Each structure stands twice: as structure tokens, then as C-alpha cells.
Amino acid sequence: MDQAELREWEHRCIQEETPRCTAACPLHVDARTFCALMASGRFDKAWQTLAKVLPLPGVLARLCDAPCKAACVRKDAGGPIEMGALERFCAEAASPVPPPRPLPSRGKSVAVFGGELAGLCAAWELSRRGFDVSLHCTAPGTELRKLPEQVLPEGALDRELESLTRLGVKVEQGNELSAELLDSLLESRDAVVVDGDAYPAGFDNFGPPDELTLGTQRAGLFACPPDEPSPVFRAALARRAANSVERFVQSVSMTSSRELEGPYATRLFTSLEGVDPVPPACAEACPSEEEARSEAGRCLQCECMECVKVCEYLKHYKHYPKVYARQIYNNESIVMGTRQANTMINSCMLCGLCETVCPEDFSMGDLCLEARRTLVEQNHMPASAHEFALRDMAFADGERCRLARHAPGTEASEYVFFPGCQLAASDPEGVEAAYADLRARVGNVGLMLRCCGAPAEWAGRRGLFADSLADLTEAWQSLDSPKIIAACPTCLKTLRAGLPDAEIVSHWSVLRALGLPEGTATATGTLAVNDPCAARHDPVLREDVRALLEQAGASTVEPKLTGEYTECCGYGGLLSEANPELGLKVSEHRAMARDEDFITYCVMCRDMIARTGKRAMHLFDLLYPSGDDPAARPSPGHSARRENRVRLRDTLLRDLWKEDADGGGAPHESVVVIFTDGAAEVMEERRILVSDVQKVLLRARETGKRFVHDRTGHFLASHRPVVVTYWVEFEETGDGYLVHNAWCHRMQIKGVKA
């Protein structure tokens, strides 16, 4: 990722965009922070928030006509925040603050012609910026002093005029605001700003002030437009004039990059979903402390966070996509040292929910997948992140599991059934029954057992994924390229993208057209339908499944997040491999989405939910039942999944094609081994297979190399078959072994032979 790409990603995330209230305020008051402080009773801090932005804060806070109310998101849920009332209360309740410290002198003199609100604000703004300012007027704030005391209390204006003096403004009052005085100031000062209420006779000769710069036909003369009714907009015009003076004396562009002066549009989106329509707690008049705090508490504290609200992964890392994009960029830029963001990058489920809910279509999945590819290409991807999943994929595509055959007794196939490697691993009997059903009702249906390659794609291994697709394509073409019936939603999605020339249909569409299989179980109770994330953008697939459930007589309910907005089960993107703890947390979160038993049509969704202890079924459990209580079926362990694939292939070859399985078992498979409950549990957690343990035990038997514990008598042996060293604690039991514990690591001590 280069800097241009980073900027593009950052721009797409709107979380840091300005709230609508601040963008609508011509002076850009941070109303969100102000309201938060007011609601918590921190009035002094709230006043500092106003005083940091407002010129003459003691005056403007009392006169503010709150143009932000028209943009307030709250207006559609009870009414906008009464910002003007809150400012007035704060001006009365908070302790006064000194004026801001001006910048060092620029050595430039500016005259302000006229001393009403715009002129006073212009003098304030210019003096803050280090200009030598003189204010010329008959008497400062003449019109302001005419306001009723309940609007502008006695002494409020005088305190701000005193602050002006402390800022260094020289107030020259008692002058007649004539054209001659203006000409004199133009000759003696570097620039002049004219108050809109103080145009002298003949001022029209200078032409109307420019709408953007407030400049006139006379260089160095800037004027606030007259007849502006809004006090806060008058102050904003004074600030615009001060900005123009600053540009003028620096001889820089008077027009570039000024789009954020005054009100501007913001892209920030804030949802009102779940927001109660609470009416304002106070009227326009100065409220009580209780009313003020209550009213400030109505502020929504506007932000987007739409993706974070629905994603446990984004919540876990406690930020939002714009921050993650920066972290990924920094992670890729590291030449030497630890890449702290690797785990975060590998923990994204690539499910697409963030992009679906984001108003700007920000896809963390695309960002993280590209980052994974970069890590792989730069040889910076940790080997441990996805190795087990890729080993499992290689096993599913290996000789012990893969199969590509025409239907028994035929030499051509109109269709080929592609159940997917995980369905074969979890429910081999269901795959066998589904294939028998298709042969009986469709006709010439071949069979392909293998992986679609999704794990390689998710791991960012472009080369491996391309090789996998090439092998899959070759196997499919060896069957004369029949139409593919895919049962797994992830396979369906992957094959459609990887085999654009193939005609691919979901198994569920076929069954909907054929009708329910004979022997379909009667659904009892109410079932919660879980859509896999691979079906997010496949409404036809989702509709087919619900039609089948209706045909089966199932009473169904939906989780809050379903269909296009469904949540991942924790398997997607190989989260459960790269970050097992977060993977389990995601699975548990999904499992708690409904109290009812879940039913789904992705076997990994079913198994991930089931491993949390939640009752869950795959649709095959209804259509091809094989047990009394399929929702209670435990999720198969890692070793059992491999054994199921091998057994399914061997059974089909033997029973359908009348062939023996290719080759015999490996030598280590003859080792008889049993496990304590504790050993079996840690092996699942540590991704240690039964075959890994058998290899260690066979090695120990052949070499005699093992340690013995002098108290328990248990043996300890190790073996490093490839890049991982396995350690096994065991005891001998007649013709086999009882395993008590197992470990694995990647460390290799130099000079020590495995």
C-alpha cells in the first residue's frame, strides 16, 4: 500500500468526519464535546470549549441564534438540541476564562473601521493572530448596549472589551466614521476591515465585497456585508475577513482551500435506529442546571461506527477502519522489527458485513485480504497464522480424500455434485445420502470430493489458490465439464468466481425444484435460521433455503442480523485459526443471537455454533436424517474431520464403484493410541492431530529415544516431521499407548538433530 492508496482508504471511512452541528455552525463550535461536558456537569470545561472558538465569548454565547439546530440529527427524534439555551446557561454558570494568548507580533498593522459586533469580532480575530490592531469607532458596541438585560446582562460587553484591550487592541473611539478617516487608514495601515454596520458615504465606489474573500476593488480593503441579521454569522464574516487579511499580507492565494470556512457539508452518518424521540428538556430561555444537563444529555454524540456496532472483530481491536488502514500501512512499512498489526490483519473474517452497513462501502475484508497478500509476497506472513488450515486443505485435496468420478456405471455426467471438503468432514453420511438422492432423481450425476481452495484465498496465498483452482478445473474438465451442483455456500461463491465458464447451481435450488427428499424429517419446535456470510449477496440461495424449510413444515424465526446483514460464525477468513480466542468469542456471540435451536446450510456455521454448546443443525439433518437429535450432535474434532473425509471416499469407492481405496495406510497409522480427556482437549486447542501423536510414538518406538519421569513413570518423546516439533507424554498399555499430554512448537535448537 502506498500513500495514495492509504489516503483513498482513509477518505472512505467517515468516522472522523465533522458532526453536522459543527459543520453547520459558521464558527465551528464543537457542540458534541460541549454537550458531553454540560451533561456531566463540567460547566467550566464546557465554557472553555466555547471560549476556544468564539470571539467575544461572553457576548456571542448569549446572542447565538443556533443555526446548528437545522442540521441537528436529533431533530428527527424529539427535536434538535437547544444549543442556544445551553450556551446562555453556561455563560452564566461557568467561571470566566482569560482571553487567548496572541501570537507573536507580525509587524503588520490592521485597522478595523466600525465597532459593532462584526468590527469587534474582527479586532478579536486579528489581534489573536499577532496583528497590531486599532479599532476606530464612535463608541464600541453601541447597538449591543441597546439589547435587553435578559439577553445581554450588564457588564458582559464590558468584560469582553477589557479582554480586547488585553489582547492588544487599541480602541480609538469618539471618531466620526467618515470616508476621509477610511482613506487615511488605508494609506497608513497594511490592511483595513470595515464593519458592515459602518459603511461611510461613498463606500459603494469600492464595489461590493467579494462573497468568498470579502475583498473590494481597493487592495487591502475588506468589508463585512451589511444587514446580516444573525449574530453568529456576523462573527463568522469577521473571521472570514481576518483570514483574508492574513492571506493578503502573506501574498498567498486569496481563494484556494477556503471551502471549510463557514458552514459546509459533512459526510458523517449517524443512525437513529433505537433512539427514543425524547423532547427538549428546556425552552429557549435560560434553563435551570437540571434542565441544562438533561438537555445536553439528549445529544447523540454523533458518530458513525456502523461497522463497529455489528462486528465483534472491529470491536475487539477498539478502533474503526480509518485507524486500521493507518496501522496496516505502518505495518507494511516496517523494515526491521515486530509487525504489531499482523494478528489484527489475520483476524478479519472477510465476511463483507462492514461493507454492507457502511454508508461509504468501506470493506475491511478487501483491505485485510490485500494486506495478507502483501505479507505473503514480502515473506512476512507468520508461518503459524494459517498453516494448519492450509495443511487441512492439502489433506482434503490429497490422494486419501479427493475423488472425481462419473456416476457409477456411466461414462458421462450431465451434472457433478460438489459437497465441499468441510461438509464431507463433518457429515459424511449426509453427503452419501445427498449424492444417492441426486442420482435417483436427477440421473447422471458425477461426484467431486475436494476443497474449493477458499482457505488459500483467505490466507492471501494467491499462488496456492491459483494452483488449487487449476487442479480443480483439470479434475472438472476430466469429467467433460458438467454442470456443478454445489452444496456449500462458500464453495458456490468461490467456484462461481474461479470457474466463470462453468454452469453452477446450488444444491438447494435443485432440491427446491425437485421437492423434498423421501424420508425428510418433520421439523419440531421453532428454528432460528442462520445465513452464512457467503450467502450475503445471494438472495436466491437464501430464498431457496427458506422455501425448503417451509416445505418441511419448519416454524422459523430470524436473528436480528440476518440475510444481507448476517454475522459470521467465526470461521470465515480463517479467524478461528489465526486468532482462536477471538474466533470463539465471535462464535459465542452468534450463538446467543437467538434462544431457539439454529438451523443453517453452511456446515462450518453449524459446527462453529455447536462447539459453543448451542444446539444447531445443518439442513442435511432435516433432509437426510440419521440421528434422533441432530441438534445435539457435537462438532467433530480436527482429527475426526480428516478421518471422516477418508472414510467417505473409501466407502463410496467400495460401495458404488466396487473399488478398493488407493494404497494402504502410512506406517504410523498402525500405532494404537488412546487419550485422556485432558489430552484430547489440549490437542484440539493446540491443533495437534492424532496422526501427529502417532508419528511421535512410532519414532520413539523405532529409535528408543525418550525421557522417563522418575515419579510417574510416564515417557516423554518428540519428533519434528516437517517444521513443527511435537512432544508427547505417554505410557505404554499392552499393545498400545495412553497419551496424557501433547505440545508443539516451531523452535529448533541449533546443533540438535530432530
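The values are calculated or read from the model by the stated rules, or taken from the named source; none is laboratory data. Quantities reported herein were computed from a predicted structural model and do not represent experimental measurements. Cβ sites come from the backbone with ideal geometry, for glycine too, and all protein chains shown count toward neighbours. With ligands, DNA and RNA removed, areas are computed over all heavy atoms of the protein, side chains included. Shrake-Rupley method; radii C 1.70, N 1.55, O 1.52, S 1.80 Å.
Which condition breaks for Leu375 when tested against (1) farther than 18 Å from Ala578 by Cβ; (2) open to solvent by less than 20 Å² (accessible area, probe 1.4 Å)?
(1)
Between Val59, Val133, Val97, which is among the hydrophobic types (A, V, I, L, M, F, W, C) and either part of a loop (DSSP other than H, G, I, E, B) or open to solvent by 10 Å² or more (accessible area, probe 1.4 Å) (or both)?
Val97
Please verify whether Pro208 is without any contact (Cβ under 8 Å) to a residue 40 or more places away in the chain, open to solvent by less than 70 Å² (accessible area, probe 1.4 Å), more than 41 Å from the chain's Cα centre (by Cα) and farther than 14 Å from Val110 by Cβ, treating the condition exactly as stated.
Values: without any contact (Cβ under 8 Å) to a residue 40 or more places away in the chain: yes; open to solvent by less than 70 Å² (accessible area, probe 1.4 Å): no; more than 41 Å from the chain's Cα centre (by Cα): yes; farther than 14 Å from Val110 by Cβ: yes.
Judged against the criteria, Pro208 is not a match.
For residues that are small (Gly, Ala, Ser) and surrounded by fewer than 15 Cβ atoms within 10 Å (Cβ to Cβ), tally how many sit in the stretch 680-722.
So the count comes out to 2.
Are any residues in the stretch 222-265 in contact with a Lys or Arg (Cβ under 6 Å, 6 or more places away or on another chain) and more than 24 Å from Phe203 (Cα to Cα), and if so, which ones?
Residue satisfying the conditions is Glu261 alone.
Sort out for me the helices (runs of 4 or more DSSP H) sitting completely within the stretch 559-641 that have 3 or more residues that are within 26 Å of Asn346 (Cβ to Cβ) and touching a strand residue (DSSP E or B) at 6+ places or on another chain (Cβ under 6 Å).
Numbers: elements: 575-578, 580-591, 603-610, 619-623.
Helices (runs of 4 or more DSSP H) meeting the threshold: 603-610.
Out of Gly297, Gly365, Gly262, which single residue is closer than 20 Å to Gly84 by Cα and open to solvent by less than 20 Å² (accessible area, probe 1.4 Å)?
Among Gly297, Gly365, Gly262, only Gly262 is closer than 20 Å to Gly84 by Cα and open to solvent by less than 20 Å² (accessible area, probe 1.4 Å).
Between residues in the stretch 298-326 that are on the phi > 0 side of the Ramachandran plot and residues that are in a helix (DSSP H, G or I) and crowded, with 18+ Cβ neighbours inside 10 Å, which pairs lie under 8 Å by C-beta distance while being six or more apart or on different chains?
Qualifying pairs under 8 Å: Gln301/Arg32; Gln301/Cys35; Gln301/Ala36.
If Cys354 satisfies all but one of (1) within 21 Å of Ser587 (Cβ to Cβ); (2) in a helix (DSSP H, G or I); (3) open to solvent by 20 Å² or more (accessible area, probe 1.4 Å), what's the number of the condition it fails?
So the condition that Cys354 fails would be (3).
Please go through the stretch 536-549 and give me each residue that is crowded, with 19+ Cβ neighbours inside 10 Å and of a type in the set (Val, Ile, Thr), ordered by number.
Val545
Just give me the residues in the stretch 124-166 being in contact (Cβ under 8 Å) with a residue 60 or more places away in the chain and in contact with a strand residue (DSSP E or B) (Cβ under 8 Å, 6 or more places away or on another chain), in sequence order.
Residues satisfying the conditions are Leu126, Phe131, Cys137, Leu164.
From Ala283, Ala292, Ala325, grab the single residue that is buried (at least 19 other Cβ atoms within 10 Å of the Cβ), of a type in the set (A, V, I, L, M) and under 30 Å from Ala93 (Cα atoms).
Ala292
Against the condition within 30 Å of Met364 (Cβ to Cβ), open to solvent by less than 50 Å² (accessible area, probe 1.4 Å) and of a type in the set (A, V, I, L, M, F, W, C), how does Ala552 come out, does it pass?
no
Do we have Gly443 as open to solvent by 60 Å² or more (accessible area, probe 1.4 Å), of a type in the set (Gly, Ala, Ser), modelled with pLDDT under 95 and outside any helix (DSSP H, G or I) here?
When the stated conditions are applied, Gly443 does not pass them.
Which residue, of Leu464, Leu527, is in contact with an Asp or Glu (Cβ under 7 Å, 6 or more places away or on another chain) and not in a loop (DSSP other than H, G, I, E, B)?
Exactly one residue qualifies, and that residue is Leu527.
When you go through Ala93, Ala4, Ala77, Ala71 one by one, which is the residue that is small (Gly, Ala, Ser) and within 30 Å of Leu167 (Cβ to Cβ)? Write out each step before concluding.
Details: Ala4 fails: within 30 Å of Leu167 (Cβ to Cβ); Ala77 fails: within 30 Å of Leu167 (Cβ to Cβ); Ala71 fails: within 30 Å of Leu167 (Cβ to Cβ).
Criteria check complete, one pass: Ala93.
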